[in-house]
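The numbers here are math on the coordinates, done by the rules we state, and not lab data. Note that the coordinates shown come from a computational prediction; the quantities given were computed from them, not determined experimentally. In this analysis, Cβ positions are derived from the backbone assuming ideal geometry, glycine residues included, and neighbour counts consider all displayed protein chains.
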Amino acid sequence: MHRQLFEILPFYLLIIILKILPFEKRVFWGAQVCKLILPLVGKFYARVDKNLKLIYPDMSHQKRKQFIKENSKMIGKSFIELMFNREFQKRTDKIIYNNKQLAPLIAAKKINRPIIIISGHIGSWEAVRAVLKKHGLTSGALYKRNRNIFYERLHLSAIKEGGEPIFEVGRTGTRKMISLIRSGGVVALMIDQAVKEGKYFKFLGAPARTSTAIAEISLKYGALLIPAYGIRTDIGDIEVSFDKPIELITVNSITKAMNTSLEKRVKATPTQWYWPHKRWK
C-alpha cells in the first residue's frame with residue numbers, strides 16, 4: 001500500500017497545484033508536464049515506439065521521438081480533463097458539434113431503443129459523453145479497475161461525472177450493462193483496447209485481436225450503434241461528431257465497420273490517439 005501511495009503521489013501533487021489555475025490553464029500546463037515527463041518513462045516510451053515501428057515502419061527515429069512528445073502532450077490534456085471532469089462536463093459551450101447528428105439518438109430514446117455509442121481513446125473522449133449528457137442521453141460505461149487503489153478512487157469518481165451507471169469490466173459488470181441495454185438505456189464503450197478473447201481484424205494495417213461482443217449485443221437487442229469522437233482542432237477547440245448508424249447485418253461486418261470508423265480518425269489525427277495501448281499482440 002505504501003508503494004502505491006508513493007507511485008500516485010506525483011499525480012496528487014500535480015492535481016493540487018493545477019487546481020488553483022483556471023480550467024484552460026490546468027489543461028495547458030498538465031499537457032506540458034506530460035510532454036516533458038512521459039517520454040522519460042521507459043515502459044511508456046518503449047511501448048509507443050514499438051507500436052509506431054509496426055504501423056509506420058518508414059518513420060525515422062527522430063520523427064518517432066517528436067511524435068511521442070506530441071502524443072504525450074495530447075494524453076496530458078485528456079488526463080487533466082478527466083481529473084477535473086465535473087467542471088469539464090459543464091463546458092459544453094466550448095465544444096463544437098452539430099445538433100442534427102443527434103437526431104437518430106433522440107429518436108431512438110423516444111421509443112426506448114437501446115443506444116450504444118462506440119469510440120476510442122482519441123482526442124477528448126469525455127467530450128462525447130458531455131454532449132450526450134447535455135441532451136438527456138446520459139450514458140453508462142465500462143471501466144477497468146486500476147491496480148493502484150489510490151488512483152482508482154480518483155479515476156472511478158471522475159468517470160462517474162460523465163454519466164452513470166459505471167460497470168467494471170468482467171462477467172458481473174457485463175451482465176449489468178446488458179440489462180441496461182435491454183431496458184433501452186444508453187452506453188458509451190471504447191473499442192481500442194487489447195482483449196483476451198475475440199477475432200483478428202486488421203486495424204491500421206496490422207492484425208489486432210478485436211472483441212465481437214458489441215456487435216453480438218447490438219444484433220441481439222437491435223441497438224442503435226453509432227461511432228462518436230471528440231477531436232481537437234488546430235485552433236484548440238474540441239469538435240464532437242456522431243457518425244451515421246452502423247448497419248446491423250452480421251457480427252463480422254459490424255466489427256469491421258467499427259474498426260474502420262476509429263481507424264479513419266486515427267489516420268487523420270494520429271498524435272491524438274492513445275498509442276501506449278497494447279493493441280497488437
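Brief remarks on what is shown
- Of all beta bridges that DSSP places with both ends in the chain, some 40 percent have antiparallel geometry.
- Taking other Cβ atoms within 10 Å as a rough exposure proxy, 121, 61 sort from fewest to most as 61, 121.
- Binning the alpha carbon pair distances of region 115-190 at 5 angstrom intervals from zero yields the distribution 3, 15, 26, 27, 19, 8, 2, expressed in whole percent.
- When the square roots of the Cα gyration tensor eigenvalues are ordered a ≥ b ≥ c, the ratio a/c for region 199-245 is 1.5 or more and a/b does not exceed b/c, which makes its shape oblate.
- Relative contact order (%) - region 92-272, alpha-carbon pairs under 8 angstrom, separation at least six: 30
- Global form of region 191-281, assessed from the alpha-carbon gyration tensor, a/c cut-off 1.5: oblate
- Distance between modelled label sites at residue 111 and residue 149, nm, 7 Å Cα→Cβ extension: 4.9
- Centre separation in Å (Cα based) which lies between region 177-201 and region 214-254: 12
- Multiplying each eigenvalue of the alpha-carbon gyration tensor of region 92-272 by 5 and taking the square root yields semi-axes of 21, 20, 20 Å, largest first, rounded to whole angstroms.
- Per-residue Cβ neighbour rank within 10 angstrom, fewest leading, 271, 255: 271, 255
- Ranking of 177, 59 by count of other Cβ atoms within 10 Å, fewest first: 59, 177
- Straight-line cross-link reach from residue 134 at under 23 Å between alpha-carbon atoms covers these lysines, not counting any fewer than eight positions away in the same chain: 77, 90, 94, 100, 109, 110, 160, 244.
- Here the Gaussian network model covers the chain, with springs between Cα atoms less than 10 Å apart; of 116, 235, 80, 235 fluctuates the most.
- Ranked by the mean number of other Cβ atoms within 10 Å per residue, highest first, peptides 19-27, 257-265 order as 257-265, 19-27.
- You can think of it this way: the chain between residue 96 and residue 183 has 28.3 nm of extra reach, that is 0.36 nm per residue less the Cα-Cα gap.
- Rounded if a/c under 1.5, otherwise prolate or oblate - region 1-117, Cα gyration tensor axes: oblate
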